[in-house]
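Single-structure report; data block below.
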Amino acid sequence: MHIAAVVLSLVLALAMLGSGVMKLIRNPRIVASMEKVHVTPPQMIVLGLLEVAATVGLVVGLWWTPLAIAAAIGSVVYFAGAVVAHLRAHDRDLQGAVVLLALSVATLVVLLLA
């Protein structure tokens, strides 16, 4: 696998792991952000688990590229949905979702080209 694909996959995996764990442990800052976009506590658990699953997919995908590609596609969809949720709720605090969406897209593109 190309070095850029490995680096981007690991950076995205770390970002998603951090985000997912913060949702699962109900970090007050994350809970407040989720409440702004009308995400319930049970939904937050599901979202956190999805992020942790994508992390696993990206890391295992270092050895089996199709899994990394699938995880990156899932990440793009996940963060596109996060951006839409913030926009629909008129929440201006969407920088994190936009940055992670851009990182997900970059990772997917590099994985597809590698």
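The values are calculated or read from the model by the stated rules, or taken from the named source; none is laboratory data. Quantities reported herein were computed from a predicted structural model and do not represent experimental measurements. With ideal geometry, Cβ positions are generated from the backbone for all residues, glycine too; neighbour counts draw on all protein chains shown. For accessibility, only protein heavy atoms count, side chains too; no ligands or nucleic acids. Shrake-Rupley method; radii C 1.70, N 1.55, O 1.52, S 1.80 Å.
Numbers below:
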item	result
Boolean, residue 55 is without any contact (Cβ under 8 Å) to a residue 60 or more places away in the chain and either open to solvent by less than 20 Å² (accessible area, probe 1.4 Å) or on the phi > 0 side of the Ramachandran plot (or both)	yes
Evaluation of residue 23 against (1) at pLDDT 95 or above; (2) farther than 30 Å from residue 2 by Cα; (3) open to solvent by 70 Å² or more (accessible area, probe 1.4 Å) (one fails), failing number	(3)
The listed residue being open to solvent by less than 70 Å² (accessible area, probe 1.4 Å) and over 15 Å from the mean Cα position of the chain (by Cα), out of 47, 100, 94, 111	111
Selection status of residue 30, modelled with pLDDT under 95, of a type in the set (Val, Ile, Thr) and crowded, with 19+ Cβ neighbours inside 10 Å	yes
In region 68-88, residue farthest from the chain's Cα centre (by Cα) [restricted to those that are open to solvent by less than 30 Å² (accessible area, probe 1.4 Å) and small (Gly, Ala, Ser)]	68
Residue count for region 33-44, restricted to those that are part of a helix (DSSP H, G or I) and open to solvent by less than 50 Å² (accessible area, probe 1.4 Å)	3
Failed criterion for residue 62 (all others in (1) assigned to a helix (DSSP H, G or I); (2) open to solvent by 30 Å² or more (accessible area, probe 1.4 Å); (3) in contact (Cβ under 8 Å) with a residue 40 or more places away in the chain hold)	(1)
